[in-house]
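Enquirer: Dropping a structure here in structure tokens format, bear with me for questions.
The values are calculated or read from the model by the stated rules, or taken from the named source; none is laboratory data. Computed from a predicted model, the values in this text were never measured in an experiment. Here the Cβ positions follow ideal geometry from the backbone for every residue, glycine too, while neighbour counts run over all protein chains shown. These area figures cover heavy atoms from the full protein model, side chains too; ligands, DNA and RNA do not enter into them. Shrake-Rupley method; radii C 1.70, N 1.55, O 1.52, S 1.80 Å.
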Protein chains: 2
Amino acid sequence: MCIGTVIPQYAHFAEPLTLQSGAVLPAFDLVYETYGQLNAARSNAILVCHALSGQHHVAGRYADQPENLGWWDNIIGPGRPLDTERFFIVGVNNLGGCHGSTGPASLNPGTGKPWGADFPVVTVTDWVSAQARLADHLGIEAWAAVIGGSLGGMQALQWAISQPERVRHSLVIAAAPKLSAENIAFNEIARQAILTDPDFHGGHYYAHGVRPLRGLRLARMLGHITYLSDDQMAEKFGRRQRPGAGSYSFDVEFEIESYLRHQGDKFAGIFDANTYLRMTRALDYFDPALEHGGDLAQALAPARAGFLVIAFTTDWRFSPARSREIVHALVRNGQPVAYAESGCAHGHDSFLMEDAHYHAVVAAYLQRIGL
Amino acid sequence: MCIGTVIPQYAHFAEPLTLQSGAVLPAFDLVYETYGQLNAARSNAILVCHALSGQHHVAGRYADQPENLGWWDNIIGPGRPLDTERFFIVGVNNLGGCHGSTGPASLNPGTGKPWGADFPVVTVTDWVSAQARLADHLGIEAWAAVIGGSLGGMQALQWAISQPERVRHSLVIAAAPKLSAENIAFNEIARQAILTDPDFHGGHYYAHGVRPLRGLRLARMLGHITYLSDDQMAEKFGRRQRPGAGSYSFDVEFEIESYLRHQGDKFAGIFDANTYLRMTRALDYFDPALEHGGDLAQALAPARAGFLVIAFTTDWRFSPARSREIVHALVRNGQPVAYAESGCAHGHDSFLMEDAHYHAVVAAYLQRIGL
């Protein structure tokens, strides 16, 4: 059942935050939403971490925007896997985002103008630090679970490493312990599309009254290639042509072209390019094993959480083999881990889908958590 | 052994050429090179068809550019698989190209200005028609073989279908009988990068003294993702960082970024964007089975050639499964076909590499051809 109407909330953090890069944010805001009730013991809170283009509006609808359903609504609500009758769910827009949390479009207190290019590069570790402040603010000492898909799954993993006492369970879905060269290559081309757009103005486009829409559009089109599987694209679009095809031109001829252009245009209309750059860079940099000589087991050793790792057989962005690297490292450490591989057909996007097997696995895992 | 110094030659075709789109080219030039000697029976000629970014300079060097080695030199020469002691090899730049054959940068006789956007969209079938004129010009009634990799392999296939009496053997390497939705998606994003570059000027950029370098650069970077395999990228670059990395910026941090930027810059400096658009569209449109209700065997039935089909296990752009579609259709028709799968590690680019097993297969096949 859908949880119905929700409202975003804001938290201001006046203490400076030192980032992994060494840069210091003098203060910051986070926008977040909560669903369900925090219990008296404050032991039933679940943090939902978002992926590249996500935000804090994870479930429910806004009273004045009834069509604006949260991006993971299908998994959250009374009787759903993240059961709001039992859990208190928190969704948050990450630092550097463009949906209300402090980011490149926010005012730089030092100049009174938007940060733009001067907003620091943030990392997954930085997000965990900022989210920990939010946990303090909400009076949550330890999360019953931290959960996320893709880049969100990396945050769930990093939470277990960085804040072992504050995470009882980590649910890592459609993620990887680090990007491959090919993953970085896709990110780099997306960034180059934005950085070389004449409307980018070195990241200070807000002052010019323009936005690098062409670059952001291309970046998103490219992303979509990696979100769908080859098989799924074949099934969904194949070589189907659009009405009026056969024009021997560079207009839309094939359905897949129409789909990509539509996705690119839609996204460019609502997302901020400076945020996109930072989200992709956070992905590139994520590599908890790096400071342990590449030994992921050693990186994970401090964790005290139980783990549920889920991968999708049709996901070629982060294939099951990448998830199994995490599982093997945990098994090597003798740490508690459950692993599920789902055949959901939606490629990397499967983590967002309402798939019976996948949702049953999440529900079963969370039902066993004692509060 | 390398064949040494070569020189490009030009042929002018004054008869109009009606293209698949219905457009008519009033006249056209093709630039080509030949290696070895045409025998008295004119029975030893091999046509080499080029891929997306190739041209007529297939082997040897130019006297004034000793570093400019032909793109497939490693397979052509005395004692090499395409043995110039035995065969007369022809390389040609396709219609619509940017290396000397009539293309978008050529003068439109109707206006006295470069064709630009008005140069028609050409197809694989059109290339076969134009190449057939070159065969007439050279006095070659039938090719001993037509050979090509990738888009070149599609031309070898189309030759066997369109001109069955003029092709004795068709060597189809690292190709596919048609693009998948994902293949088209990559092409579409490359085209959108070019079409939305402010320097594109609707394809008439020659008149503006600029070139859509940003778009062409992105298109090439994207192409490179599909030319290499994930594994090969991992081996070649992995997550290796560049000196000075750790800057927490969008500068080059990882080796793979440096590689892609270099490839993109190099290509944008020498290639024409209007040609790139047309080459990718020719790929999209290629689908000989289309007019046979999707029945590839029926499409191939008119062919009288013997076939050698070669695929590479590390090629994810056109995987072996795509080549096997061709093989199965030929087998179903009872047509002569040999099939080889090579483990060469270079992904789609393997067809350009000097791999002992792959080259031995080509050599053995060609040695058995009676002249």
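Enquirer: Using a 1.4 angstrom probe on the protein heavy atoms only, could you order B:18, B:226, A:34 from most to least accessible area?
Expert: Final ranking, largest accessible area leading: B:18, A:34, B:226.
Enquirer: With contacts defined as alpha carbon pairs under 8 Å and 6 or more residues apart, what's the relative contact order of chain B in percent?
Expert: 17
Enquirer: Restricting to Cα pairs below 8 Å that are 6+ residues apart, what does the relative contact order work out to for segment A:43-91? Please round to a whole percent.
Expert: 43
Enquirer: A follow-up question, please. Assuming R0 = 41 Å, what is the FRET efficiency of residue B:236 and residue B:21, from their Cβ-Cβ distance, to the nearest 0.05?
Expert: With R0 = 41 Å, the Cβ-Cβ based efficiency is 0.55.
Enquirer: Continuing with the same structure: How far apart, in nm, are two points set 7 Å out from the Cα along the Cα-to-Cβ line at residue A:7 and at residue B:12?
Expert: 8.1
Enquirer: A further question follows. Would you mind telling me the antiparallel percentage of the DSSP bridges in segment B:18-129, rounded to 5?
Expert: Of the beta bridges lying entirely in segment B:18-129, close to 55 percent run antiparallel.
Enquirer: Let me ask another. Using θ = phi - 60° and the Karplus relation 6.51 cos²θ - 1.76 cosθ + 1.60, list the HN-Hα couplings for segment B:192-209 in order, rounded to whole Hz, with x at every Gly or Pro.
Expert: 4, 4, 6, 5, 9, 5, x, 7, 6, 6, x, x, 9, 5, 4, 5, 9, x
Enquirer: Oh, and also: Can you list the distances in nanometres, one decimal and ascending, from the residue A:334 label point to the identical position in each other copy, with the point 7 Å along Cα to Cβ?
Expert: 7.0
Enquirer: OK, next. Give me the mean projected area, in nm² to one decimal, of the convex hull enclosing the Cα positions of the protein assembly as shown. Intermediate results must be reported in sequence, preceding the final value.
Expert: Working: hull surface 135.6 nm².
Quarter of the Cα hull surface area: 33.9 nm².
Enquirer: Something else: Could you tell me which residue out of B:70, B:245, B:264 lies farthest along the dipole of chain B toward its positive end? Charges go on the beta carbon: Lys and Arg +1, Asp and Glu -1, centred on the Cα centre.
Expert: Ranked along the dipole, the leading option is B:70.
Enquirer: Evaluate the Debye formula for segment B:209-302 with equal point scatterers sitting on the alpha carbons, no solvent, and hand back log10 of I(q)/I(0) at q = 0.10, 0.14, 0.16, 0.22 Å⁻¹, in q order, two decimals.
Expert: Taking Cα atoms of segment B:209-302 as identical point scatterers yields -0.45, -0.71, -0.81, -1.07.
Enquirer: Can you tell me what percent of all Cα-Cα pairs in segment B:32-158 are more than 17 Å apart?
Expert: Tail fraction, whole percent: 59.
Enquirer: Now for a separate question. Give the calculated FRET efficiency between residue B:262 and residue A:368 to the nearest 0.05, with a Förster radius of 51 Å applied to their Cβ-Cβ distance.
Expert: Computed FRET efficiency for residue B:262 and residue A:368 comes out at 0.45.
Enquirer: Rounded to the nearest 0.05, what FRET efficiency do residue A:356 and residue B:247 have when you use their Cβ-Cβ distance and R0 = 45 Å?
Expert: Efficiency at R0 = 45 Å is approximately 0.45.
Enquirer: For residue B:208, put the label point 7 Å out on the Cα→Cβ axis and report which residues of segment B:87-129 keep their amide N under 13 Å from it.
Expert: Residues B:117 fall inside that zone.
Enquirer: So what does the Cα-only Debye profile of segment B:250-296 read at q = 0.16, 0.21, 0.33 Å⁻¹, as log10 I(q)/I(0), no solvent term?
Expert: Taken in order of the listed q values, log10 I(q)/I(0) reads -0.66, -0.78, -1.05.
Enquirer: Quick one: divide the alpha-carbon radius of gyration of chain B by 2.2 N^0.38 Å and tell me what you get.
Expert: For chain B, the normalised Cα radius of gyration comes out at 0.98.
Enquirer: At 0.36 nm per residue, minus the direct Cα-Cα distance, what do residue B:136 and residue B:67 gain on full extension? Give it in nm, one decimal, please.
Expert: Using 0.36 nm per residue and subtracting the Cα-Cα distance, I get 21.6 nm.
Enquirer: Let me ask you something else. Rg and Dmax in Å for segment B:159-237, alpha carbons only: what are they?
Expert: Looking at segment B:159-237, its Cα Rg and Dmax stand at 17.8, 47 Å.
Enquirer: Hey, another quick one. Return the Cα extents of segment B:222-371 along principal axes one, two and three, sorted largest first, each rounded to a whole Å.
Expert: Between the extreme Cα coordinates on each principal axis of segment B:222-371 lie 62, 35, 28 Å.
Enquirer: Something else: Using the Kirkwood formula over every pair of different C-alpha atoms, what hydrodynamic radius in Å results for segment B:89-176?
Expert: Taking the inverse mean of 1/r over all distinct Cα pairs, segment B:89-176 comes out at 13.8 Å.
Enquirer: Only four residue types carry charge here, +1 at the Cβ of Lys and Arg and -1 at the Cβ of Asp and Glu. Report the dipole size of segment A:236-371 about the Cα centre in Debye, rounded to the nearest 20.
Expert: Details: 14 positive and 16 negative charges, 44 e Å.
Dipole size: approximately 200 debye.
Enquirer: While we're here: For a quick check: with amide H placed at 1.01 Å from N, whose amide H comes under 5 Å from residue B:249's, ignoring anything fewer than 5 positions away on the same chain?
Expert: The list, which skips near neighbours in sequence, is empty: none.
Enquirer: Now for a different question. Once you order the gyration tensor axes a ≥ b ≥ c over the Cα atoms, which shape class does segment B:133-198 get: rounded for a/c under 1.5, otherwise prolate or oblate by comparing a/b with b/c? Could the numbers behind the result be given before it?
Expert: Values: a/c = 3.71, a/b = 2.06, b/c = 1.80.
The shape class here is prolate.
Enquirer: Which of the GluC sites (Glu not before Pro) across segment A:1-91 are loop residues per DSSP, with 14 or fewer other Cβ within 10 Å?
Expert: Details: sites: A:33, A:67, A:85; in loops: A:67, A:85.
In loop regions of segment A:1-91 (DSSP not H, G, I, E or B), the sparsely surrounded GluC sites (Glu not before Pro) are A:67, A:85.
Enquirer: Okay, moving on. Go from 0 up to the bin containing the longest alpha carbon distance in segment A:1-96, width 5 Å each, and give me the % of pairs per bin.
Expert: Bin by bin from 0 Å, the calculated values are 3, 13, 21, 21, 19, 11, 8, 5, 1.
Enquirer: May I pose another question? Taking the Cα centre of segment A:274-337 as origin and charging only Cβ (+1 Lys, Arg; -1 Asp, Glu), how large is the dipole, in debye to the nearest 20?
Expert: Numbers: 7 positive and 6 negative charges, 32 e Å.
Value, rounded to 20: 160 debye.
Enquirer: Where in chain A is the longest stretch that carries no trypsin sites (Lys or Arg not before Pro) classed as loop by DSSP and with at most 16 other Cβ atoms within 10 Å?
Expert: It runs A:43-239.
Enquirer: Here's a follow-up. Nearest 20 debye, what's the magnitude of the dipole of the protein assembly as shown about its Cα centre given +1 on Lys and Arg Cβ and -1 on Asp and Glu Cβ?
Expert: Charge dipole of the protein assembly as shown: 200 debye, to the nearest 20.
Enquirer: Amide H of residue A:169 versus every other amide H placed in the peptide plane: which residues, excluding those fewer than 5 positions away on the same chain, fall under 5 Å?
Expert: A:145, A:146, A:306
Enquirer: Using a label point 7 angstrom from Cα along Cα-to-C-beta, what distances in nm, from shortest up, separate residue B:292 from the other copies?
Expert: Copy-to-copy label distances at residue B:292, shortest first: 5.7 nm.
Enquirer: At a probe radius of 1.4 Å, what is the per-residue accessible area of residue A:357, in Å² to the nearest 10?
Expert: About 90 Å², rounded to the nearest 10.
Enquirer: Could you work out [θ]222 nm for chain A from helices alone, using -39500 (n - 2.57) per DSSP H run of at least four and dividing by all its residues? Round to the nearest 500 deg cm²/dmol.
Expert: Mean residue ellipticity at 222 nm (helix-derived): -10500 deg cm²/dmol.
Enquirer: Hey, can you grab everything whose amide H is under 5 Å from the amide H of residue B:51? Only 5+ residues off in sequence or another chain; H modelled, so Pro and N-termini drop out.
Expert: Amide H neighbours of residue B:51, under 5 Å, 5+ apart: B:152.
Enquirer: Now for a different question. Rank these by accessible area, largest first, 1.4 Å probe: A:129, A:101.
Expert: Reading off the accessible areas and sorting them downward yields A:129, A:101.
Enquirer: Using all alpha carbons of segment A:302-371, what is the percent of pairwise distances in each 10 Å bin, ordered from the shortest bin to the longest?
Expert: All Cα pairs considered, the percentages come to 20, 46, 30, 3.
Enquirer: Now, a different point. Within a 10 angstrom radius of each residue's Cβ in B:247-256, how many Cβ atoms of other chains show up on average? Whole number is fine.
Expert: Neighbouring Cβ atoms belonging to other protein chains average 6 per residue here.
Enquirer: Counting only other residues whose beta carbon sits under 15 Å from that of residue B:217, what net charge do I get with K and R as +1, D and E as -1?
Expert: Overall, the nearby charge balance is +1.
Enquirer: How high is the relative contact order of segment B:144-252? Use alpha-carbon pairs under 8 Å, at least six apart in sequence, and give a whole percent.
Expert: With pairs under 8 Å counted, the relative contact order is 17 percent.
Enquirer: Set Lys and Arg Cβ to +1 and Asp and Glu Cβ to -1, take the dipole of the protein assembly as shown about its Cα centre, and tell me which of A:309, A:130, A:229 lies farthest positive.
Expert: A:309
Enquirer: While we're looking at this one, here's another question. Might you work out the accessible area of residue A:359 for me, using a 1.4 Å probe with all protein chains in place, and round it to the nearest 10 Å²?
Expert: Surface open to solvent at residue A:359 totals about 20 Å².
Enquirer: Here's another thing I want to ask about it. Given a 1.4 angstrom probe, I'd like the percentage of the accessible area of the protein assembly as shown that is carbon and sulfur, rounded to a whole number.
Expert: Working: 13720 of 26550 Å².
Whole-percent figure for carbon plus sulfur exposure: 52.
Enquirer: Would you list, by chain and number, the lysines whose Cα falls below 29 Å from the Cα of residue A:236, excluding same-chain residues fewer than 8 positions away?
Expert: Excluding near neighbours in sequence, the set is A:266, B:178.
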